Amino acid sequence: MWDKSAKEPTGYGVNLWSSPQTPGRYCPYSAPGDRLWVRETWTPADRLIDGYVRDDPTIVGYRADGAVLLWEGIGLGGVTSPQALTGWGSEDLEGIRWRPSIFMPRWASRITLEITDVRVEQLQDISEEDAKSEGINCYQFYPDDGWPLCNGYTHVPDDGECGLHDTAVSAFRKLWESINRENTWSLNPWVWVVEFKRIEK
């Protein structure tokens, strides 16, 4: 996860960047070892069982992949690991009203991330692997002359018409400027690089 706020010091987090000439910068994303819970677009899905929609559901549908999970132990001093309900999927969730991720309760989060590293780099120092981890996709294609097989990179799904880049970094530059305005790549700002791993519940 890249964030361009490294130039702004804050009052919390871990001090990773200081020198006699440079004031301390504190990472706003805390420190290695801390855990983050991920919110998703979701919906109460109890109606799949008995037709009723509850304000406090125990069955949750997830828009990202159509999964339907039963959460046990709600209100009983903790939540156990969710159980996938077989027989239901994305087709059963069609036509329902999805709830924005900001309204997902903590107990319904199925993804937990643990921060493994935090560091400061300049934007243009991003590596090919880091660019891919930012969501850059690789597609194989044959050039117009039909040979050889090549890799192309883009930050959008390949619809057969999108422009492909020679490198993941070049595609990431396009993604960066689509979010932060054109020509911001050339400013080469300092950014926080936060690496994490997924924790299985």
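If R0 is 35 Å, the Cβ-Cβ spacing of THR86 and ARG35 corresponds to a FRET efficiency of close to 0.75. In this simple spin-label approximation, LEU149 and GLU94 carry label points 7 Å from Cα along the Cα→Cβ vector, and these lie 3.4 nm apart.
Ranking GLN140, PRO105, THR116 by Cα position along the charge dipole of the stretch 59-201, where only Lys, Arg, Asp and Glu carry charges on their C-beta atoms, puts PRO105 farthest toward the positive end. In a fully extended conformation the segment linking TRP190 and SER170 would gain 5.4 nm over its present Cα-Cα distance, using 0.36 nm per residue. The phi-based Karplus calculation (6.51 cos²θ - 1.76 cosθ + 1.60; θ = phi - 60°) puts the 3J(HN,Hα) values of the stretch 184-198 at 6, 4, 5, 6, 6, x, 6, 9, 7, 10, 10, 9, 8, 10, 7 Hz, whole numbers, x for Gly and Pro.
Tell me the net charge near ASP92. Cut-off is 15 Å between Cβ atoms, ASP92 excluded, with +1 for each Lys or Arg and -1 for each Asp or Glu.
Working: positive: ARG47, ARG63, ARG97; negative: ASP46, ASP50, ASP65, GLU91, GLU94.
Counting the neighbours of ASP92, the net charge comes to -2.
Working from label points 7 Å from Cα in the Cα-to-Cβ sense, the ASP158 to ILE199 distance is 3.7 nm. Can you give the net charge of the other residues whose Cβ lies under 12 Å from the Cβ of ALA67, counting K and R as +1 and D and E as -1? With Lys, Arg at +1 and Asp, Glu at -1, the neighbours total -1. In order along the stretch 167-180, phi translates into HN-Hα couplings of 10, 5, 5, 5, 5, 5, 4, 4, 4, 4, 6, 6, 9, 10 Hz, rounded to whole numbers, per the Karplus curve 6.51 cos²θ - 1.76 cosθ + 1.60 with θ = phi - 60° and x for Gly and Pro.
I'd like the GluC sites (Glu not before Pro) in the stretch 115-192 restricted to DSSP loop residues with at most 11 other Cβ atoms within 10 Å, sorted by number. Walk me through the numbers before you get to the answer.
Details: sites: GLU121, GLU128, GLU129, GLU134, GLU161, GLU177, GLU182; in loops: GLU134, GLU161, GLU182.
When the GluC sites (Glu not before Pro) of the stretch 115-192 are filtered for loop state and at most 11 Cβ neighbours within 10 Å, GLU161, GLU182 remain.
Remark: the ILE179-TRP107 segment gains 22.8 nm on full extension, using 0.36 nm per residue and subtracting the alpha carbon distance.
We did not get these values from a lab; they are worked out from the coordinates using the rules stated. Bear in mind that the values here come from a model prediction, so they are computed numbers and not experimental data. Using ideal geometry, Cβ is built from the backbone for each residue, glycine included, and neighbour counts are taken over all protein chains shown.
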